[in-house]
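Laboratory data are not the source of any read-out in this text; all were calculated from the coordinates shown. Keep in mind that this is a model prediction, so the values were computed, not measured. Cβ atoms come from the backbone with ideal geometry, glycine included; neighbour counts cover every protein chain shown.
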Amino acid sequence: MTGDRNLNSADRLHRLERQALARREALEVAHGVEETIALRRGRGEALIGPSQNTRGPRATPYRRQPGLDWLAAKGRIDSCAKAAGERYGAAFRRARHAESALPSSLNPHIRTGRFTGPDPTEVMARGEATAAAARRLAEYRRRLSGQADLIAACDLVCGEEKTPREAAGPDRDAIRLEAVLKVALDILSADV
């Protein structure tokens, strides 16, 4: 009987040690996350979270907030300007992918060793969509009269989805970039 009690005490102590270790590791991870979030915010990234999940006590993860969403949430641009920026950004990202290599395939025939060539209609549709995006992007840039500052502001905030501070750096440059972006978005939303 004493042997059983010693075994139970040893099991209980082992379980308590594991729980203490798990709590210590959780605190270290939480501290690391806080430090990472502080550094990212210091570089100008807009982060959302954590908010409480509706299904339980677990917090949702931090998410990076795109520049246009951040500006709209702060009330610095209206919905028309945001929509114009989103159209510019979609065309920018699609046209930029034209320069990258062909995307990989998750086709099961390729993984098992039997190679079947890509469907020509899919390749043509992808190419036509990319060419259309490049034409839309060129049209947006024409509307901006080819002004390098206006185009650069749209490329950084709308296309690359950076916040003004993340794209420009110090506060003064970020304020200037935001002002230039507002002018560009006003031009793009007025021509719709």
In nm, to one decimal, how far is the Ala138 label point from the Val33 one, both placed 7 Å along Cα→Cβ?
-> 4.8 nm
So how do Val180, Val157, Val123 line up by other beta-carbon neighbours within 10 Å, fewest first?
-> Val123, Val180, Val157
Give me the distance in nm between label points sitting 7 Å out from Cα along the Cα-to-Cβ direction at Ala190 and Ile175, one decimal.
-> 2.5 nm
Phi-derived 3J(HN,Hα) across segment 71-85 with the Karplus relation (6.51, -1.76, 1.60, θ = phi - 60°), rounded Hz, x for Gly and Pro, is 5, 5, 5, 7, x, 8, 9, 8, 5, 5, 5, 5, 5, 5, x
Amide H partners (placed H, <5 Å) of Ile48, local residues excluded = Arg63, Arg64, Gln65
